[in-house]
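The values are calculated or read from the model by the stated rules, or taken from the named source; none is laboratory data. Bear in mind that the values here come from a model prediction, so they are computed numbers and not experimental data. Quick reminder, even Gly has a Cβ in these numbers, built from the backbone with ideal geometry, and neighbours come from all protein chains shown.
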Amino acid sequence: MLFEGAPGLYLVLAPDLHIVAASDTYLRATMTTRDSILGRGIFDVFPDNPDDPEATGVNNLRASLHSVLESGRTDTMAVQKYDVRRPDAEGGGFEERFWSPQNSPVFGPDGRLRFIIHRVEDVTEFVRLRQAGHEREASNTKALQDMEGEIYLRAQEVASANRGLQTANATLGRLYRQISLLLSHASELHTEPGAADDWDLLRTPLTPEEMLGRVSRMIADHQRMEDQLRQSQKMEAVGRLAGGVAHDFNNLLTVIAGYVSLLKDGLDSGREQPELEEIQAAVKRAAELTRQLLTFSRKQIWQPQVLDVNSVVSHMEGMLRRLIGEDITLVVALAGDLEKVKADPGQIEQVIMNLAVNARDAMPSGGKLLIETKPVHLEAAQIASLPAGRYVQLCVSDTGHGMSAETASHIFEPFFTTKEVGKGTGLGLSTVLGIVQQSGGALTLDSKTGVGTVFRVYLPVTTEQASAEIASGSGAAKAAGRATILVVEDETPLRKLISQVLKGAGHTVLEAANGDEALAAWVLHDGVIDLLLTDVIMPGMKGPELVAKLRGRRPEMAIVFMSGYDNELIDKKSLETAASFLPKPFSPRALLNCIDSRLGLDKTCDEELGHAS
């Protein structure tokens with residue numbers, strides 16, 4: 001049977017949860033045979049491991065199946081630990097397994113639920129690799145430099161792939177229903193003339209040849225979507241690893257940069273300090289690398305700000321030249337009277353990088369890449385998605401092989417790519433479009449086969465003013481005022497540095513390594529705590545949970561969150577009104593400015609290490 005030979009792991013259940021069909025791959029994965037399981041209840045065949053008192057596989061699966069029976073909707077379960085029984089010939093007992101299950105209903109022509117398709121993926125090796133994975137520090141500077149461009153390329157893949165998987169899962173659900181109908185109600189399948197892919201219209205019966213062709217196409221589509229799912233899972237795993245490395249590295253950079261800054265402040269200001277300057281320069285370069293790692297892992301905080309597109313392009317020019325290679329000529333033409341826009345500078349860098357890489361790949365034998373900026377005024381309806389007004393145009397053009405009108409019509413679709421297998425994911429340009437639209441702009445494309453391609457990015461001009469530069473040095477912040485500050489940070493060297501800087505500025509500091517210690521310090525302190533400075537991710541109680549507990553005792557207390565990457569656990573409304581976010585790594589000056597900002601001393605709390613002296 002075609003179903004039995006399908007490449008996926010499928011089990012067909014009746015409404016009373018007894019097994020009516022199974023694919024060969026499912027039987028192999030669960031170490032069972034068709035004769036031994038057909039007609040039996042699923043939980044009789046697959047009980048919990050009696051040697052594992054914490055086993056929850058049966059209860060979780062039973063709840064999911066009952067949810068499908070009651071709601072008539074597909075239920076996708078989280079990864080489950082569900083051990084399987086070994087055959088007696090192989091020693092008996094249970095073997096540890098992890099699964100990613102999905103349960104989908106199948107309805108008959110009368111609208112009644114006939115079957116449940118139980119589909120699983122064996123993710124045991126993936127879970128074991130993730131559990132056993134450990135962080136590795138880079139030891140080769142050249143290798144890190146080579147990573148820069150490729151990190152930008154993959155920065156968008158995790159989020160975009162996960163968005164695409166929602167649509168893919170819906171398509172898979174329809175596929176399961178079609179296969180089930182083929183198994184038990186093939187004679188009831190009909191179609192309308194001219195509706196070759198609509199299996200829901202009941203008209204003329206299908207011939208066996210037509211039915212076979214349809215099943216073949218469905219299996220091919222299923223395999224393609226499974227490949228996309230595996231790729232997304234791989235990218236998510238690598239992204240989490242990159243984010244974890246960058247998070248820990250940010251803590252180290254903050255400590256190094258902080259003590260270097262304190263050392264400089266303690267030395268004679270008239271003396272040259274080339275060694276300390278070199279250390280600071282190296283820390284800034286490392287901070288830039290961790291920012292790129294965070295962009296890759298989708299952990300970078302989205303922070304729109306008033307920026308000059310010319311400055312972004314100029315900052316990237318050296319990296320772009322290394323990325324495209326010596327056989328491609330890079331020409332940068334920047335307008336001299338360009339107005340400011342409001343966008344996330346990291347995201348705009350990602351747009352430029354993706355478009356440059358796309359142009360590079362279109363010129364395998366060399367050519368010319370032109371990046372130019374200019375101010376434009378658009379009339380109403382000149383670009384459908386944009387209102388009339390002033391815009392900054394960022395144009396990226398190449399002299400590559402170009403593309404046909406048919407290819408251009410699909411170029412922004414997720415997973416669409418013209419590159420050979422293994423050379424591209426088809427997510428780069430769809431992510432560029434998403435970033436531009438999120439920034440309130442638009443993206444257009446002009447291309448001609450054999451001539452080249454032109455991408456034009458339109459970003460609306462902003463009337464907001466950029467944040468004023470804060471005078472260098474920490475003297476102004478030190479003289480600003482006194483406060484009692486509770487510092488909560490689980491990394492001891494970083495906590496000690498923060499306390500030293502704050503005490504040097506005249507503040508009273510209480511230290512805590514975690515949420516429980518912070519609550520104890522609050523109770524023991526005889527006086528008012530003016531400000532809480534807390535890490536977001538800590539063992540045990542997380543930063544937002546600690547804030548919620550202390551805010552109940554003193555609502556007016558100022559709050560500053562700090563983190564190496566993750567602000568997803570922080571209530572966004574709180575960040576806008578009642579708290580500030582200080583991204584790591586940061587300098588002592590940035591720390592003091594942020595503290596003064598929350599204490600109402602007219603300073604800003606948005607300075608990163610890369611912009612601090």
| The listed residue being modelled with pLDDT of 90 or more, outside any helix (DSSP H, G or I) and crowded, with 18+ Cβ neighbours inside 10 Å, out of 533, 546 | 533
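Can you find a residue that is at negative phi, at pLDDT below 90 and among the aromatic types (Phe, Trp, Tyr) anywhere in the stretch 404-420? Outline the logic, then answer.
From the stretch 404-420, those at negative phi are 404-414, 416-420; that's our starting set.
Subsequent filtering for residues that are at pLDDT below 90 retains 404-414, 416-420.
Next, from what is left, pick out any that are among the aromatic types (Phe, Trp, Tyr): 412, 416.
Yes, the stretch 404-420 has at least one match.
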| Can you pull out the residues in the stretch 558-583 that are closer than 14 Å to residue 488 by Cβ, at pLDDT 80 or above and out of contact with any Leu (no Cβ under 6 Å at 6 or more places or on another chain)? | 561, 563, 582
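Yes/no per residue for (1) assigned to a loop (DSSP other than H, G, I, E, B); (2) touching a residue at least 24 places away in the same chain (Cβ under 8 Å); (3) crowded, with 17+ Cβ neighbours inside 10 Å; (4) charged (D, E, K, R):
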residue: 342; (1), (2), (3), (4): no, yes, yes, yes
residue: 349; (1), (2), (3), (4): no, yes, yes, yes
residue: 368; (1), (2), (3), (4): no, yes, no, yes
residue: 375; (1), (2), (3), (4): no, yes, no, no
residue: 401; (1), (2), (3), (4): yes, yes, yes, no
| request: Pull up the stretch 28-84, narrow it to residues that are under 26 Å from residue 131 (Cα atoms), among the β-branched types (Val, Ile, Thr) and over 31 Å from the mean Cα position of the chain (by Cα), then point me to the one that is surrounded by the most Cβ atoms within 10 Å (Cβ to Cβ). | output: 30
| Looking at the stretch 219-248, which of its residues are hydrophobic (A, V, I, L, M, F, W, C) and at pLDDT 70 or above? | 219, 220, 225
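Could you please find all residues in the stretch 89-127 being basic (Lys, Arg), over 32 Å from the mean Cα position of the chain (by Cα) and surrounded by 14 or more Cβ atoms within 10 Å (Cβ to Cβ)?
Matches in the stretch 89-127: 114 only.
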| query | Which condition does residue 25 not pass, out of (1) touching a Pro at 6+ places or on another chain (Cβ under 7 Å); (2) closer than 14 Å to residue 103 by Cβ; (3) crowded, with 16+ Cβ neighbours inside 10 Å, if it passes all the others? | reply | (2)
| The lone exception for residue 507 - which of (1) buried (at least 21 other Cβ atoms within 10 Å of the Cβ); (2) at pLDDT 90 or above; (3) within 30 Å of residue 282 (Cα to Cα) it fails | (3)
| task | Considering each of 400, 515, 452, 434 in turn, give the residue that is modelled with pLDDT under 90 and either closer than 30 Å to residue 559 by Cβ or not polar (S, T, N, Q) (or both). | result | 434
